[in-house]
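Shown next, in structure tokens, is the structure this report addresses.
What follows is calculated from the coordinates using simple rules that are stated; it is not laboratory data. No experiment lies behind these values; they were computed from the predicted model shown. Don't worry about glycine lacking a Cβ; one is built from the backbone with ideal geometry, like all the others, and counts go over all protein chains shown.
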Amino acid sequence: MKENFDFLMPSVNFFGKGVIKKIGDRAKMLNMNKPLIVTDKFLRGMENGPVAQTLASLDEAGVQYAIYDGVEPNPKVRNIEEAKQVYLDNNCDSIITVGGGSAHDAGKGTGIILTNGDDITSLAGIETLDNPLPPLMAVNTTAGTASELTRHCVITNEETKLKFVVVSWRNVPLVSFNDPMLMLDVPASLTAATGMDTFVQAIEPYVSTNRNEITDGQCIEAIKLVEESLREAVANGHNVEARTKMVEAEMLGGMAFNNADLGYVHAMAHQLGGQYDAPHGVCCAMLLPIVEKYNIIAAPERFAELAKIMGENTDGLSTRDAAELAIKAMRQLADDVNIPRSIKAIGAKPEDFEMMAENALKDGNAFSNPRKGTKEELVKLFQEAYDAE
Ligand SMILES: [Fe+2]
């Protein structure tokens, strides 16, 4: 009967200054005797950085650990295979990810191939995992993908250049740690890219076919928080209030899309990220105004509401005109934080658009988009993003 109980394990989301200090005790509570720390070399090398603070808390609690620090941006299948080997060589029994979305996705991917078979590419899709992952905690350092608290795991197959998503409730980390003080040194360009991902992750569930009143509330608050704080966090990374609001937005958006799902911005951004190894948040930001303009006719009132939520004055405007203002506000935010408008900036090539459109329609995030597109329509959207000026 024991295997039937794993779904009863609750997840806990710690948030606030200093929460990282709780990780050692929490590891002990979860009977983690030897977690594998999954991170990257930069974070591992930082003096008193997120990895150092995680290890200090584990040391204090007397918890042993091993470390895999080979996580790359857009984590690759080879990363999770290497991490699995370190896990097995060191007789680990659990996983702690330290970093942004790449570390969390790599840690989830490692857990997946430890308990669900070696071929992760065959597990792409929704609820494809038969077995629970090893116990997993996530220390988050960017705001962000929210992968530290979601059921999404995004991995890139370096051979096919296909970035795919494994969406499963089994992927949700048992405990996440969001300590804004760990994020103060994130550079402006990374703050902008990851912050735009947070923004998109609040917009897409707001117009998703799977939305509900609870997720709407989470999205509305997250969008307002991003509007209030992303520009400030990019302008001055040590603005603690702005960093804190961005973490709040990230967590709320993650909770929203964990239940309401995403849409074509993510489905198409995964193709750009896989094909050109480009930062996820930048891909999302460049596609956002193009895809949402296309989506307007599926839910014009929702987009008119979005304009108001983003602080636009819609008095006296028709629903259609107010909806257009939402698109303008999205573009303005991306411009303000220096995201290029055209996907030329990441090396996109028109000859790839047909293949990418076909794969985007198969992506695990495509099914909840409010407007149901054809391959030809998605090719056009990639072309628009290419021609954007
Ligand atoms: Fe995202």
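Some points to look at:
- Any chance Phe177 is touching a residue at least 24 places away in the same chain (Cβ under 8 Å), aromatic (Phe, Trp, Tyr) and under 21 Å from Phe14 (Cβ atoms): yes
- Among the conditions (1) touching a Pro at 6+ places or on another chain (Cβ under 6 Å); (2) free of Cβ contacts under 8 Å to residues at least 40 places away in the same chain; (3) over 27 Å from Asn212 (Cβ atoms), Arg331 misses just one, which is (2).
- Options Glu213, Glu204; residue that is in contact with a helix residue (DSSP H, G or I) (Cβ under 9 Å, 6 or more places away or on another chain) and either touching a residue at least 40 places away in the same chain (Cβ under 8 Å) or not hydrophobic (A, V, I, L, M, F, W, C) (or both): Glu204
- Count of residues meeting criterion [free of Cβ contacts under 8 Å to residues at least 24 places away in the same chain and within 16 Å of the ligand (Cβ to nearest atom)] in region 109-143: 0
- Within region 103-155, the set of residues being more than 20 Å from the chain's Cα centre (by Cα) and assigned to a helix (DSSP H, G or I) comprises Ile113, Leu114, Thr115, Ser122.
- Region 219-232: number of residues that are free of Cβ contacts under 8 Å to residues at least 60 places away in the same chain and either surrounded by 24 or more Cβ atoms within 10 Å (Cβ to Cβ) or touching a strand residue (DSSP E or B) at 6+ places or on another chain (Cβ under 8 Å) (or both): 3
- Just one of the listed residues (Ala106, Ala56, Ala83, Ala52) is within 16 Å of the ligand (Cβ to nearest atom) and hydrophobic (A, V, I, L, M, F, W, C), and it is Ala106.
- Output for region 40-87, where each listed residue is within 19 Å of Lys22 (Cα to Cα) and of a type in the set (S, T, N, Q): Asn48, Gln53, Thr54, Ser57, Gln64
- Checking each residue in region 21-43 for being surrounded by 23 or more Cβ atoms within 10 Å (Cβ to Cβ) and among the hydrophobic types (A, V, I, L, M, F, W, C) picks out Ile23, Ala27, Met32, Leu36, Ile37, Val38.
- Filter result for the condition that a residue is among the basic types (Lys, Arg) and under 20 Å from Leu190 (Cα atoms), over Arg44, Arg78: Arg44
- Restricting attention to region 90-100, the residues that are in contact with a strand residue (DSSP E or B) (Cβ under 8 Å, 6 or more places away or on another chain), more than 10 Å from Val38 (Cα to Cα) and either in a helix (DSSP H, G or I) or not small (Gly, Ala, Ser) (or both) total 3.
- Residue in region 156-167 that is more than 11 Å from the chain's Cα centre (by Cα), within 15 Å of Leu230 (Cα to Cα), not in a strand (DSSP E or B) and not polar (S, T, N, Q) present: no
- Against the conditions (1) away from the ligand (no atom under 16 Å from the Cβ); (2) surrounded by fewer than 19 Cβ atoms within 10 Å (Cβ to Cβ); (3) under 20 Å from Lys372 (Cα atoms), Phe303 satisfies every one except (2).
- Qualifying helices (runs of 4 or more DSSP H) (wholly inside region 182-294; at least 2 residues being of a type in the set (Ser, Thr, Tyr) and within 16 Å of the ligand (Cβ to nearest atom)): 188-207
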